[in-house]
Amino acid sequence: MAIMSNIEALRETMRQEMRRDERIIITGEDVGPRGGVFRATMGLYEEFGEDRVIDTPLAELSIVATGIGMAMNGLRPIVEIQFADFIFPAFNQILSEAARMRYRTQSDWTVPLVIRAPYGGGISGGLYHSQSVEAFFAHIPGLYVVAPVTPYDIKGLLRAALQVDDPVLFFEHKKTYRLIKGEVPEHDYVVPIGKAAIRRTGRDLSIITYGLAMHDSLKAAEMVAAEGVDAEVIDLRTLKPLDKETILNSVRKTGKALIVHEDNLTGGIGGEIAAIIAQEAFEYLDGPVTRLAPPDVPAMPFSHPLQDAFMLNPHKIAAAMRELAAY
Amino acid sequence: MAIMSNIEALRETMRQEMRRDERIIITGEDVGPRGGVFRATMGLYEEFGEDRVIDTPLAELSIVATGIGMAMNGLRPIVEIQFADFIFPAFNQILSEAARMRYRTQSDWTVPLVIRAPYGGGISGGLYHSQSVEAFFAHIPGLYVVAPVTPYDIKGLLRAALQVDDPVLFFEHKKTYRLIKGEVPEHDYVVPIGKAAIRRTGRDLSIITYGLAMHDSLKAAEMVAAEGVDAEVIDLRTLKPLDKETILNSVRKTGKALIVHEDNLTGGIGGEIAAIIAQEAFEYLDGPVTRLAPPDVPAMPFSHPLQDAFMLNPHKIAAAMRELAAY
Amino acid sequence: MAVRTKKSKEKTRARPSDNLTDEHLLHMYRIMMLSRKLDERSWVLNRQGKAPFHISGIGHEALQVAAAQAIRPGKDWVYPYYRDLAFCLALGMKPVDHLYALLGKAPDPGSGGRQMPSHFSSRELRIGSVSSPVATQVPIAAGTAMASKLRGLDEVTVVCLGEGSTSQGDFHEGLNWAGVHKLPFICIVQNNQYAISVPVAKQMAVKSVADRAAAYGVKGVAVDGNDALAMYDVMHEAVQRARRGEGATLIEAITYRLTPHSSDDDDRSYRSREEVEAWKRRDPILLFRQTLLERGILDQETAQAIEKWAMDEVDKAEMEAMQAPYPDVSTLEDHVYGPLPAWQEG
Amino acid sequence: MAVRTKKSKEKTRARPSDNLTDEHLLHMYRIMMLSRKLDERSWVLNRQGKAPFHISGIGHEALQVAAAQAIRPGKDWVYPYYRDLAFCLALGMKPVDHLYALLGKAPDPGSGGRQMPSHFSSRELRIGSVSSPVATQVPIAAGTAMASKLRGLDEVTVVCLGEGSTSQGDFHEGLNWAGVHKLPFICIVQNNQYAISVPVAKQMAVKSVADRAAAYGVKGVAVDGNDALAMYDVMHEAVQRARRGEGATLIEAITYRLTPHSSDDDDRSYRSREEVEAWKRRDPILLFRQTLLERGILDQETAQAIEKWAMDEVDKAEMEAMQAPYPDVSTLEDHVYGPLPAWQEG
Ligand SMILES: Cc1ncc(C[n+]2csc(CCOP(=O)(O)OP(=O)(O)O)c2C)c(N)n1
Ligand SMILES: Cc1ncc(C[n+]2csc(CCOP(=O)(O)OP(=O)(O)O)c2C)c(N)n1
Ligand SMILES: [Mg+2]
Ligand SMILES: [Mg+2]
């Protein structure tokens, strides 16, 4: 059992899985000698060589597309999109090709492909190095979308992603890369795709969240605990498919739901979660299903006062908790 | 006052606006001599010439991008995406450039651009000529998204779209092109962006819908009216921004909300609408906020039994209405 | 600059097609004829209201069959596009398979009726699944070729698209990738002069699509796609280059679509009847028949027998396809995801 | 094939740069020096923890200033990329404007601190707004050039990007558009040998980026981007071609980034110190100074005075920028949409 940061867990899991399975290769911009701009692949080029850790042209469309074509010919590529903000040139390939291959061929062809992408803000990245892009993908049947945010889950969900024969969007909140540390068992385990984790149990309200906001929510929960508000904090981990059972069980217990995410409010995943709760836990609700998210502006500004105003933090979350608890 | 089909209203409005404003040009695949694959631009090439009705290379990314660049240099392009299914190569240009230009330059640069795209199914189009793609765009601040589905609204919303200085996604349900006819006044009028229409008033429940599903919902409402269920039918018309006021007023009156759309359930616009209702009309609800939509499969199959099974129709909607009314 | 194969020169040199036996040539002719008859029947079924949509390969048959002849079906990879009916038949697809898809019937091996017709696919035959957005297959095919190379497998990947589709970014990125990695990759652009109504001059400012190869460090060749043997020659050379590890080739096969774009199209608004008639006189099947007659490989009698055989095959296929069931609606939600590993259950 | 300008030949012919006056040349030198000093100061501010991020144009100054010199600022259109500090200064941007952006201050005219630094923009100066996803500006610029042509305006549009970014589909589609419509359009690829860590050989299989022009029916020229006058010559010719209606030009300006990719980069993992040192000896400002000294346009004293002037300008700009306010948080939600017409109110 070792203590690792999120990025270390990511790197070590890739290393172990590549040792185990020679079909796994890594492609992306600067993943080779440079070890990735966040150093996620550091040392892997040296260990596995240029045929398994491959610097690509600066072209996300073809990074994903060649990943699809390699997956159709016996490899198990992990492709890195340098920043999630730059995944959109590949949107058509992901949506029209990767996500539909199985359905349109009745499983004759499949695309076992992992697409890694650092997302999220709070790192002075401005409009195009801070975005939360997960909602676009959570709307696409045929894709799995995961967003683990502890070292334990990163290992477990990456191993799971490498075991399913469908494309997986693997989102990593870049601000947590070095910020979050935790224990990572040495033995093999998976965190099943589609299973949320209850990070804190509570009676009074359910916080449904993921990403950096999950860590902020835990802090907020401790802040309001002193005031007598006992919150349950659910870390979704998988965004598609949602773990409806865990969400609904919690809300049926507490009667109140606060959904928190860093993505814009309108059209974010929170809407889907709220809709599920409103339809399927209607009779248990003791207060309005509430969403807390940054405002609907076209991504996060660079200047730090604006960035801070945009970002969530434990205080904002605690305030929303107090309000809902008091309802 | 003339009776026109949806596509006639579209064509005649483009013609009139082009006569009025010489900054308006049309670009797209086959929009020239061919008059568009749906004939939306028929006769316009002949009237306005090859400098204003321009056949483009087969490349949606640059169709949109050049539209942006022309809009920044004094023109008011209307670009046609031949099928909404083929808008995704341009997704990055729409999201990263068109939608963000104003915000990132504090209105120094703006992008007055209309992107027309036929969407929707029921026409044996299979997986890639039937999609409802509006939810992806409704998640992007900086864009307007409209989906008018009567000849009157098509004229009024197209004129409105040509008056705002921001990019507008103009979605046309292709099955309604010739199916739906109605009166179109000759005088100039606009249908304001952001205003829904109440197509039928009712006491017992509110149906919130748009597109072909709106016409099906009206039929369904008549079917259940005979059984004593009095439904209010709201045609959203604009999908971004949503007309929260009209939605909430209706649901506060009826106490029950049924959201109906042709797009997949998960991540569709229905989730956002349900979330708004669940949060802001909580105290008025007499039943669970309910969504009716096709299943979460990667787009609509070609084979007609499967297509029929996928599509909504008045019977399916009436069944959902009965169930909710009985709650 | 594109290398244009010149008839005059070829005559003096030994041509790869010289090695094709009579049986090979007759086989090629048979497949072309089968494809033509099947395609014509598809139009009929559409006009009869039995098939909602047909997209045709009429006019493209020779280049496709010649290309298939130069590779090893089931071992080499082919990512076709919607006009590649003859290509797929040459690779081993059955005529009835096309008709199942045309009618949206359950036994359609490509997609069980989920896709529109002519969206070919077969893992067994190594035919990549055709989707509707054009050109997406190009970088996917580059990935498949790259996997062959990385895995040390002696495989070639062939991808097809129309000339209009080369305007898409996907084409650029796929060719660039093939160039950078010197892949065993062949891109066949079937230049039929139009993308629906848009003529090639509005699509690109180069004289030959093959000129585009220069941007990628890839070899570019233009060839008369209505001349089966010329096509075989350049294709054979491209395959040899690929196998020798010398990298990718872009082949522009110049041809003409003898029908409207699809059953939804009316081509009279954008091209003259004279132009169509002129190309009909260069119908590639007619030309190939002429060659075989001249060489004494075919006589009128055999030619008629082949035509009859093709018609019979199509009749049989139609009967079979008509009787086949539609997909059961209970299958609508199948195959969205694969089965999950055991851990998931626990 | 790319046309390479050869020194030897040029000497014997009249060169456009021969028409540049001493004052022009000194002006160009001043802007290069100003850009260099401002850029160096940006690194210092970053290292001091005052600026979270800097991306540098050091090494690219000569080609940028020369390009600007060949067009009419404020009339012709420029879509720059993030390394175009010197380009934008030459077009009229103020040094303090860069520092406002660097520090995320409200008066940043490009974006009021919303964008990362070096995301230049000015409608007044006809500088298109830089975004972070690379190459998107290429087809947008083609659209702007097309509008000039359709509106009958005598304007040229210039767009810049790095050689790595030419791998994107956007580049292909933009160049193709420019070719098809013979647009008054100039694409300058600043080939500094790397895309972050990825060397040009992993990016493309062509020898010269200018070779890519052949795919589009566009003229391609490669030039030593560290030679300001050579760059001016090819740029001047491209502008003349555009104005004569002869169409687009792709210019590959060969140069080198003398710093790491950005303040977040460490370039030691991917290139040798020897290589960097060798290029430092070809620092374009040194080379240009040498030319001016040789021609007697500059003497050591004036050179020092210019350096001092540049430092003073940067000092003043820094003072101003440091004192400027941050954007007010109440503005966070401004400028998402424009004001609606009156009808909307009613
Ligand atoms: C991305 C995309 N945009 C538009 C279409 C609609 N469309 C289908 S075929 C076609 C023309 C294709 O022309 P070309 O590539 O020359 O092939 P051809 O049909 O002539 O064989 C168009 C525009 C599409 N299928 N995909
Ligand atoms: C679409 C996209 N993908 C990735 C990035 C991250 N990125 C920023 S600059 C850069 C390298 C650009 O290289 P090049 O085009 O050669 O320009 P240079 O920086 O060398 O001047 C990369 C990969 C990006 N900004 N946009
Ligand atoms: Mg064509
Ligand atoms: Mg570079």
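Can you name the number of the only condition in (1) on the phi < 0 side of the Ramachandran plot; (2) surrounded by 23 or more Cβ atoms within 10 Å (Cβ to Cβ) that A:Val297 fails?
A:Val297 satisfies all of (1) on the phi < 0 side of the Ramachandran plot; (2) surrounded by 23 or more Cβ atoms within 10 Å (Cβ to Cβ) except (2).
Return the pairs, sorted by first residue and then second, in which the second residue is modelled with pLDDT of 95 or more and crowded, with 16+ Cβ neighbours inside 10 Å, the first residue lies in the range A:304-316 and is on the phi > 0 side of the Ramachandran plot and outside any loop (DSSP other than H, G, I, E, B), the beta carbons are less than 8 Å apart, and the residues are 6+ apart or on different chains.
none
Report yes if some residue within the range D:187-199 is under 18 Å from B:Ile68 (Cα atoms), touching a strand residue (DSSP E or B) at 6+ places or on another chain (Cβ under 9 Å) and either crowded, with 23+ Cβ neighbours inside 10 Å or of a type in the set (Ser, Thr, Tyr) (or both); otherwise report no. So that I can check it myself, show each step before the final result.
Residues of the range D:187-199 under 18 Å from B:Ile68 (Cα atoms): D:187.
Those left that are additionally touching a strand residue (DSSP E or B) at 6+ places or on another chain (Cβ under 9 Å): D:187.
Within this subset, residues satisfying the condition of being either crowded, with 23+ Cβ neighbours inside 10 Å or of a type in the set (Ser, Thr, Tyr) (or both) are D:187.
Checked against the condition, which is being under 18 Å from B:Ile68 (Cα atoms), touching a strand residue (DSSP E or B) at 6+ places or on another chain (Cβ under 9 Å) and either crowded, with 23+ Cβ neighbours inside 10 Å or of a type in the set (Ser, Thr, Tyr) (or both), the range D:187-199 yields at least one hit.
Against the conditions (1) more than 11 Å from ligand 2 (Cβ to nearest atom); (2) out of contact with any strand residue (DSSP E or B) (no Cβ under 7 Å at 6 or more places or on another chain), where does D:Ala142 fall short? Just the number, please.
Exception for D:Ala142: condition (2).
Can you give me the ranges of the helices (runs of 4 or more DSSP H) entirely in the range D:250-346 with at least 2 residues that are under 26 Å from the mean Cα position of the chain (by Cα)?
Where helices (runs of 4 or more DSSP H) fall fully within the range D:250-346 and carry at least 2 residues being under 26 Å from the mean Cα position of the chain (by Cα), they are D:273-280, D:284-294, D:300-323.
Residue-wise test of (1) crowded, with 20+ Cβ neighbours inside 10 Å; (2) at pLDDT 95 or above; (3) not aliphatic (A, V, I, L, M).
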{"position": "A:Leu236", "(1), (2), (3)": "yes, yes, no"}
{"position": "A:Pro241", "(1), (2), (3)": "no, yes, yes"}
{"position": "A:His261", "(1), (2), (3)": "yes, yes, yes"}
{"position": "A:Gly268", "(1), (2), (3)": "yes, yes, yes"}
{"position": "A:Ile277", "(1), (2), (3)": "yes, yes, no"}
{"position": "A:Ala293", "(1), (2), (3)": "yes, yes, no"}
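In the range B:165-190, what residues are within 14 Å of chain D (Cβ to nearest Cβ) and either touching a Pro at 6+ places or on another chain (Cβ under 7 Å) or of a type in the set (Asp, Glu) (or both)?
Once the filter is applied, which keeps residues that are within 14 Å of chain D (Cβ to nearest Cβ) and either touching a Pro at 6+ places or on another chain (Cβ under 7 Å) or of a type in the set (Asp, Glu) (or both), the range B:165-190 yields B:Asp165, B:Asp166, B:Asp188.
Among the candidates C:Lys105, C:Lys149, C:Lys75, single out the residue that is over 11 Å from the mean Cα position of the chain (by Cα) and part of a helix (DSSP H, G or I).
Going through C:Lys105, C:Lys149, C:Lys75 in turn, the sole match is C:Lys149.
Could you please tell me which pairs satisfy a Cβ distance under 8 Å, a separation of 6+ or placement on different chains, a first residue in the range D:192-203 that is charged (D, E, K, R), and a second residue that is away from ligand 1 (no atom under 16 Å from the Cβ)?
Close Cβ pairs satisfying both conditions: D:Lys202/A:Asp55; D:Lys202/A:Thr56; D:Lys202/A:Pro57; D:Lys202/C:Val180.
Identify all residues within the range B:281-303 that are outside any loop (DSSP other than H, G, I, E, B) and facing chain A (nearest Cβ under 7 Å); write none if there are none.
Hits for the range B:281-303 are B:Phe282, B:Thr290, B:Arg291.
For the subset of the range D:104-129 comprising residues that are of a type in the set (A, V, I, L, M) and either crowded, with 24+ Cβ neighbours inside 10 Å or modelled with pLDDT under 95 (or both), which member is farthest from D:Ala67 (Cα to Cα)?
Taking the range D:104-129 and keeping what is of a type in the set (A, V, I, L, M), we get D:106, D:116, D:125, D:127.
In the following step, the residues that additionally are either crowded, with 24+ Cβ neighbours inside 10 Å or modelled with pLDDT under 95 (or both) were identified as D:116, D:127.
Details: D:Met116: 25, D:Ile127: 14 Å.
Taking the candidates together, the pick is D:Met116.
Please specify each residue of the range C:228-248 satisfying the condition of being more than 11 Å from every other protein chain (Cβ to nearest Cβ) and surrounded by 24 or more Cβ atoms within 10 Å (Cβ to Cβ). Step through it out loud before you land on a result.
Going residue by residue through the range C:228-248, those that are more than 11 Å from every other protein chain (Cβ to nearest Cβ) are C:228-246.
Listed by number, the residues that qualify are C:Ala228, C:Met231, C:Tyr232, C:Val234, C:Met235, C:Ala238, C:Ala242.
Could you please tell me which pairs satisfy a Cβ distance under 6 Å, a separation of 6+ or placement on different chains, a first residue in the range B:87-114 that is without any contact (Cβ under 8 Å) to a residue 60 or more places away in the chain and closer than 23 Å to B:Arg159 by Cα, and a second residue that is away from ligand 3 (no atom under 16 Å from the Cβ) and hydroxyl-bearing (Ser, Thr, Tyr)?
Pairs found: B:Trp109/D:Ser129.
Consider the range C:64-88. How many of its residues are among the small types (Gly, Ala, Ser), without any contact (Cβ under 8 Å) to a residue 60 or more places away in the chain and touching a helix residue (DSSP H, G or I) at 6+ places or on another chain (Cβ under 7 Å)?
2
Taking C:Gln193 as the residue in question, decide whether it is more than 10 Å from chain D (Cβ to nearest Cβ), away from ligand 4 (no atom under 16 Å from the Cβ) and within 26 Å of C:Ala68 (Cβ to Cβ).
Yes: the conditions hold for C:Gln193.
Kindly indicate which of D:Lys207, D:Lys202 is closer than 15 Å to D:Glu163 by Cβ, within 16 Å of ligand 2 (Cβ to nearest atom) and not small (Gly, Ala, Ser). Give the steps one after another, and end with the answer.
Values: D:Lys207 fails: within 16 Å of ligand 2 (Cβ to nearest atom).
Exactly one of D:Lys207, D:Lys202 is closer than 15 Å to D:Glu163 by Cβ, within 16 Å of ligand 2 (Cβ to nearest atom) and not small (Gly, Ala, Ser), namely D:Lys202.
Tell me, please, whether a residue that is of a type in the set (Asp, Glu), over 14 Å from C:Ala142 (Cα atoms) and facing another protein chain (nearest Cβ under 7 Å) can be found in the range C:163-171.
Looking for residues that are of a type in the set (Asp, Glu), over 14 Å from C:Ala142 (Cα atoms) and facing another protein chain (nearest Cβ under 7 Å), one finds none in the range C:163-171, hence no.
Taking the condition of being closer than 19 Å to C:Val198 by Cβ and either among the aliphatic types (A, V, I, L, M) or more than 15 Å from ligand 1 (Cβ to nearest atom) (or both), how many residues in the range B:56-69 meet it?
Within the range B:56-69, residues that are closer than 19 Å to C:Val198 by Cβ and either among the aliphatic types (A, V, I, L, M) or more than 15 Å from ligand 1 (Cβ to nearest atom) (or both) number 8.
Only one residue in D:Ala62, D:Ala66 is small (Gly, Ala, Ser), farther than 17 Å from D:Val130 by Cα and either away from ligand 2 (no atom under 16 Å from the Cβ) or surrounded by fewer than 24 Cβ atoms within 10 Å (Cβ to Cβ) (or both). Which one? It would help to see each step written out before you state the result.
Numbers: D:Ala62 fails: either away from ligand 2 (no atom under 16 Å from the Cβ) or surrounded by fewer than 24 Cβ atoms within 10 Å (Cβ to Cβ) (or both).
On inspection, the qualifying residue turns out to be D:Ala66.
Identify, by number, the condition in (1) at the interface with another protein chain (Cβ under 7 Å from one of its Cβ atoms); (2) surrounded by fewer than 24 Cβ atoms within 10 Å (Cβ to Cβ); (3) touching a residue at least 12 places away in the same chain (Cβ under 8 Å); (4) within 16 Å of ligand 3 (Cβ to nearest atom) that C:Ala214 doesn't meet.
(4)
Restricting attention to the range D:140-171, which residues are touching an Asp or Glu at 6+ places or on another chain (Cβ under 8 Å) and closer than 26 Å to D:Ser197 by Cα?
D:Cys160, D:Glu163, D:Ser167, D:Gln168, D:Gly169, listed by residue number.
Starting from the range C:175-186, keep only residues that are on the phi > 0 side of the Ramachandran plot, then list their pairs with residues that are crowded, with 24+ Cβ neighbours inside 10 Å whose Cβ atoms are within a distance under 9 Å, requiring at least 6 positions of separation or different chains.
Between residues of the range C:175-186 that are on the phi > 0 side of the Ramachandran plot and residues that are crowded, with 24+ Cβ neighbours inside 10 Å, the close pairs are C:Lys182/C:Ala248.
Residues being in contact with a Phe, Trp or Tyr (Cβ under 6 Å, 6 or more places away or on another chain) and within 16 Å of ligand 1 (Cβ to nearest atom): count how many of those fall in the range D:156-194.
1
Among (1) aliphatic (A, V, I, L, M); (2) more than 16 Å from ligand 3 (Cβ to nearest atom); (3) facing another protein chain (nearest Cβ under 7 Å), where does C:Leu153 come up short?
All conditions are met except number (3).
May I ask you to verify whether C:Asp170 is charged (D, E, K, R) and within 16 Å of ligand 2 (Cβ to nearest atom)?
It is true that C:Asp170 is charged (D, E, K, R) and within 16 Å of ligand 2 (Cβ to nearest atom).
For the structure I just gave you, tell me whether B:Arg52 is basic (Lys, Arg) and touching a residue at least 12 places away in the same chain (Cβ under 8 Å).
So B:Arg52 passes the test.
Looking at the structure I just gave you, is D:Tyr270 within 16 Å of ligand 4 (Cβ to nearest atom), modelled with pLDDT of 95 or more and within 20 Å of A:Val31 (Cβ to Cβ)?
Yes.
In the list D:Val198, D:Val218, which residue meets the criterion of being away from ligand 4 (no atom under 16 Å from the Cβ) and at negative phi?
Residue meeting the stated conditions: D:Val218.
The values are calculated or read from the model by the stated rules, or taken from the named source; none is laboratory data. Computed from a predicted model, the values in this text were never measured in an experiment. Positions of Cβ are backbone-derived with ideal geometry, glycine not excepted, and every protein chain shown enters the neighbour counts.
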